[in-house]
Each structure stands twice: as structure tokens, then as C-alpha cells.
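To start, the structure itself, in C-alpha cells.
The values are calculated or read from the model by the stated rules, or taken from the named source; none is laboratory data. Since we're looking at a predicted model, the values are computed, not measured. Virtual Cβ from ideal backbone geometry, glycine too; neighbours counted across all protein chains shown. Accessible surface is based on the protein model in full, side chains and every heavy atom, while ligands, DNA and RNA are left aside. Shrake-Rupley method; radii C 1.70, N 1.55, O 1.52, S 1.80 Å.
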Amino acid sequence: MTLFYIMPVAHSFCVYTHYICMKRYFIALTAAFFVFFSLSLCSCSSFDPTFPEISENYEDLASKATITEISDGKYLIDFKKSATFNRLVLREKSDGVISFSLSLPSSPSPFYGNDFIGSYRYCSFSAVTTDKLLLSVTCENDVSFLRPEAYYIPFSPLSPFSVTSYITAKAAFFLTDKNKNPSDVFDIIYSAYLDKDGNVRFPAYYIDGEKIAGETVLASGVANIRASYPRARILVTVLGDREFDNDSLTVQQRHSSAFSNKEVLTASLLDLLSEFGLDGISFDYEYPVSKSDYSLFTDFCAYFDAFLPENKLFTAAVSAWCVDRSRLSAGSLSCFDRVTLMAYDDPDTRGCHSTFYSAYSQLMRLKKQGVPLSRISLGLPLYSKPLDGSSSVLSYADYADSLPLFDNVTYVDCDGQSKACYFNGRQLVTDKTSLAQDIGLAGVSVWHYALDSSDPALSLLWAADRARGRRATADQAKLA
């Protein structure tokens, strides 16, 4: 009898032990799966993505492409099939590429070139048809690449994409048809200021030794723009960084004081629109200090927007880092028809300001914060800064002829020293403009008009204009 009872118990023990082992195995297997899945997610998100406005609307023509090193600094991009494309996305696993170029195997002359690839680079060019590309790089350490992406993005004639030129009141005062460049919108700067009570003030100008009232300079500037650009819209940026009546206030204090006087400031701005026949008002209020300062600004803008005629534009210049829930939220920016992203002065570790990646990452930040891309205008600099971090600011117009198409750096005599200075060259402006249009931005805004070259072949404004319109001729003809 004893044996009769022992055997079932032993059998039950074996079954129980097997169950425990299987359960532990299942738990271990499940844990391993989640670890693998988490690592997979990390590896998938470890590189910067293409905007879904591109990747979800256009076919990636390089889905099976490979990049293979064929010699020192030379790589073959094999698409595995022939394709026609005008956009190429490149990514490095490291950040070693200093400059690079693209060419067809049948032609050694590059059709594209620029600086830096890093974790995301968007290259724009006239459409090519090929199954292979040659990628040549200059690098400062070993490099390896992730799979590229390639897209053909056709021209959209209905796209409401504009080129805005900031222009100083003095430059507008001297504007003639001879220095005409392509612009759809003009935003006049340094002409209208706020005092602490919410009144708009106009500073006097000294031109050729003669003192001219600010109102006269602004009126002449508006008239000159109308004569040369009859279809352009004209706005005035209102600033608060000028002291009137010895108020002894900081810029932030003066702005906040003006925004507190809602009725006076609203009436002053509406009078400004009417007196000078303007198409809109813009604010340049970049760096409020406290949360209450941001609230005063956004509360006033919402208040003013209710009084603004529907056919008038209301815009603002913002920095990407100011846009979040505690400062300038997407909701608080909704009163503006568009915001100019001031992607100008953010130097990277090399000292290069306003690189392609800087523009890409700032746009991605605003998108993640909920700002509609269709309301953003990407800021482009028409000036340079030395790579050593010194304060010199140099006009592109003065050095445009020394900067080849694919380059952004030239050597300039600064204070008796030859210094490397970083510009946004023609190809970089083309790339930024193409990305802006391809993801549905309102346009690009250049700072500022008088710094550009008057030569259409060298002009950055013309480069932006060609980027938004050339596909209609070059690419569509090729695919016809």
C-alpha cells in the first residue's frame, strides 16, 4: 500500500517540477524577447528619421541599396535597380565626414557636394536616373554608413511656398529695381519700436549727413518695395530693444510693459498698418525671461489677433528652444499666420553656425511640440561667422565670388588675421529650401536682403527660388 501512494506522489512531483522548469523557461524566453525587442526599438530609433511628410508619401527608391567601400574615401551606392530620384538621404553611424560629393559612375565630375553627413543629411539635386552612385568623402576618422534613402519628389505648382526677405528700413529706402531679387514677402526691420506704454515709435536716420524722420524712411521704403515688387506682401517687425524717454528698462521689461497696455498697443499697431499701407505685423521677441513674460506676450498676441483684419498677416520670429509647454506652446502660437524659425546662430562643436543638421533638428523639435509645419518659415542666414567663435559678422555679398557652389567655408581677413568663416553656400541653401518645401513648410525667410549677392548666379535668394521652382522644368521634362 505504501508503494501505491508513493508512486502517484512521485509522479506529481515530477509533473510539478517539469511545470516549474517550463514556467521558468517561458519567463526567461519572454524576458529575452522583451530585451531583444527593446534593443531593436533602440537601434531603430538611434538614427534620426526622415519626416513622415516625405517617407509616408513618397516611395523610398533605395529600399535595397547598399554602400560599399571600394577604395580609400570612395564608396559605391548600389540601388540594385535603376531609379530616377532627386533626393538622397545619407546617415553615418559616426560623425566623421567633413565633406562629400556624389557622381555618376559614367562621369567623374560631381553633380552634388557639401559638408558633413552625421546622423542625417538630406541632399537635393536635379533628377538623375541610375542604379549606382559614387560617394567620395573627406573624413577625420573612420566612417560607416547606414542604408541610404532616395526619393523622387515632383514639383507642386499649387504649393503656397514663399520666400521672405527681412530688409532693413535703410536698405528699403535705397531699394531700386536694379538690385531686385526674388521675394514674395518683405519684412521691414529696424523701423518700428515699442515704448513702455505700448506706443509705436520711429527712430530718425542720418543719411548722407541729413537727419530724416523715421516715418519718412519707412514710407519711402514701402513705396520702393511696392514699385519693384508689386505682388509682394509687406510687413513691419516691431521691436522693443530701443530706449525712449530714458525709461532705463531692459528689453524684456519694456516688452512686458508694452504688452500689459493691450488697448494702447493694439490701437498703435492698427494705426501703423493703416498709415503705411502694410500687409501685416510681425513681432521679434526672442528671449523672455520668466513664465509670466511669456504669458504677457502670448496673451497680448491672442488679444490683438481678434482685432486684426482677416486679410492682414500676423507673424513672429521664434527660437526653437523657446517652444515647449511652459514657454511658447503650440497652442499659444496658433494666433500667428506663420512663425519664422530663427535657425541662424547655433554653432556646432566645430564652430559652424546654421548647419543643415541644425535646421533639420530644430524643425523636428517644433513638429514634436505640435506646431503645424504649414505655419513655419525656416530662417536662412545670409552672413558668416568665423569658426574660432570671434564676434565678426560678414556679409555673403562680399565673399560670394570666393565661395564655390558646393562649399560653405572661405578664408577671410578679419582684424588682420586670415580666418576660416562659415557661410550657408548655394547648395546648402538649396538643400534647406528643398527640405522646407518637401515637408510642407510655409516657406523660408532670409536674414537679411542687403547681405545677398546681386549676381543671380551667386545669389542665395535666387538659389532658394530655383530650389522651389526648378523641378517644374528640369525634372518634369526628364520624366515626360
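Would you be able to say whether some residue in the stretch 172-184 is acidic (D, E) and not in a strand (DSSP E or B)?
Step one: of the stretch 172-184, the residues acidic (D, E) are 177, 184.
Next, only the ones that are not in a strand (DSSP E or B) stay: 177, 184.
So far as the stretch 172-184 goes, yes, one or more of its residues are acidic (D, E) and not in a strand (DSSP E or B).
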Test K93 against the stated conditions and say whether it is touching a residue at least 12 places away in the same chain (Cβ under 8 Å), basic (K, R), touching a strand residue (DSSP E or B) at 6+ places or on another chain (Cβ under 6 Å) and surrounded by fewer than 14 Cβ atoms within 10 Å (Cβ to Cβ). no
K64, sole failed condition from (1) farther than 17 Å from I153 by Cα; (2) of a type outside the set (G, A, S); (3) touching a residue at least 24 places away in the same chain (Cβ under 8 Å): (3)
Restrict the check to the stretch 278-286 and report whether at least one residue is modelled with pLDDT of 95 or more, open to solvent by 20 Å² or more (accessible area, probe 1.4 Å) and either among the charged types (D, E, K, R) or touching a Ser or Thr at 6+ places or on another chain (Cβ under 9 Å) (or both). yes
Taking the stretch 172-191, which residues are over 23 Å from T315 (Cα atoms) and open to solvent by less than 20 Å² (accessible area, probe 1.4 Å)? L175
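Considering only the stretch 207-233, state which residues are part of a strand (DSSP E or B), open to solvent by less than 70 Å² (accessible area, probe 1.4 Å) and in contact with a strand residue (DSSP E or B) (Cβ under 6 Å, 6 or more places away or on another chain). Walk me through it before giving the result.
In the first step, residues of the stretch 207-233 are kept if they are part of a strand (DSSP E or B); the result is 207, 210-212, 233.
In the following step, the residues that additionally are open to solvent by less than 70 Å² (accessible area, probe 1.4 Å) were identified as 207, 212.
I212 - this is the single residue of the stretch 207-233 that is part of a strand (DSSP E or B), open to solvent by less than 70 Å² (accessible area, probe 1.4 Å) and in contact with a strand residue (DSSP E or B) (Cβ under 6 Å, 6 or more places away or on another chain).
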For the stretch 65-84, state whether one or more residues are within 29 Å of the chain's Cα centre (by Cα), closer than 25 Å to L403 by Cβ and not β-branched (V, I, T). no
Regarding S374, is this residue touching a residue at least 40 places away in the same chain (Cβ under 8 Å), open to solvent by 10 Å² or more (accessible area, probe 1.4 Å), more than 20 Å from R121 (Cβ to Cβ) and in a helix (DSSP H, G or I)? yes
Among (1) under 20 Å from K178 (Cα atoms); (2) exposed (fewer than 15 other Cβ atoms within 10 Å of the Cβ), the one test that T250 misses: (1)
Before we move on, is F356 surrounded by 19 or more Cβ atoms within 10 Å (Cβ to Cβ) and more than 19 Å from L239 (Cα to Cα)? yes
Could you list all residues from the stretch 156-171 that are within 25 Å of I376 (Cα to Cα) and either more than 21 Å from the chain's Cα centre (by Cα) or open to solvent by 50 Å² or more (accessible area, probe 1.4 Å) (or both)? S156, P157, L158, P160, T168, A169
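Anything in the stretch 107-153 that is aliphatic (A, V, I, L, M), crowded, with 17+ Cβ neighbours inside 10 Å and closer than 28 Å to P347 by Cβ? List them, or say none.
From the stretch 107-153, those aliphatic (A, V, I, L, M) are 117, 127-128, 133-135, 137, 143, 146, 150, 153; that's our starting set.
So of that shortlist, the ones also crowded, with 17+ Cβ neighbours inside 10 Å come out as 117, 127-128, 133-135, 137, 143, 150, 153.
Matches in the stretch 107-153: I117, L135, V137, V143.
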Which condition from (1) in a strand (DSSP E or B); (2) over 23 Å from H353 (Cβ atoms) is the one that S109 breaks? (1)
Restricting to the stretch 352-400, what's the tally of residues that are under 22 Å from P52 (Cα atoms), of a type in the set (G, A, S) and more than 14 Å from the chain's Cα centre (by Cα)? 1
Residue tally, condition open to solvent by less than 30 Å² (accessible area, probe 1.4 Å) and among the charged types (D, E, K, R), over the stretch 330-345: 0
Criterion: acidic (D, E) and either open to solvent by less than 10 Å² (accessible area, probe 1.4 Å) or under 19 Å from the mean Cα position of the chain (by Cα) (or both) - qualifying residue of D431, D415: D431
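Only one of S384, S402 is farther than 30 Å from Y152 by Cβ and crowded, with 24+ Cβ neighbours inside 10 Å; which? Step through it out loud before you land on a result.
Values: S402 fails: crowded, with 24+ Cβ neighbours inside 10 Å.
Answer to the check: S384.
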Would the stretch 315-326 turn up any residue that is hydrophobic (A, V, I, L, M, F, W, C) and part of a loop (DSSP other than H, G, I, E, B)? yes
I'd like to check something: does the stretch 167-181 contain any residue that is farther than 30 Å from F283 by Cβ and charged (D, E, K, R)? yes
T266 fails exactly one of (1) under 29 Å from the mean Cα position of the chain (by Cα); (2) assigned to a helix (DSSP H, G or I), namely (1)
Can you go through D197, D271 and tell me which one is within 24 Å of F314 (Cβ to Cβ), at pLDDT 95 or above and in a loop (DSSP other than H, G, I, E, B)? D197
Among the residues of the stretch 359-371, which ones are surrounded by fewer than 19 Cβ atoms within 10 Å (Cβ to Cβ) and assigned to a helix (DSSP H, G or I)? S361, M364, R365, K367, K368
Checked against (1) touching a helix residue (DSSP H, G or I) at 6+ places or on another chain (Cβ under 7 Å); (2) without any contact (Cβ under 8 Å) to a residue 40 or more places away in the chain, A172 satisfies every condition except (2)
Selected residue (criterion: farthest from C421 (Cα to Cα)) from residues of the stretch 74-104 that are at pLDDT 95 or above and not in a strand (DSSP E or B): L104
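State which residue is farthest from R233 (Cα to Cα) when the search covers only the stretch 287-296 and only residues that are in a loop (DSSP other than H, G, I, E, B) and open to solvent by less than 60 Å² (accessible area, probe 1.4 Å). Before the answer, list the steps.
Looking only at the stretch 287-296, we keep the residues that are in a loop (DSSP other than H, G, I, E, B), and these are 287-290.
From what's left, open to solvent by less than 60 Å² (accessible area, probe 1.4 Å): 288, 290.
Working: P288: 28, S290: 34 Å.
Only one residue tops the list, namely S290.
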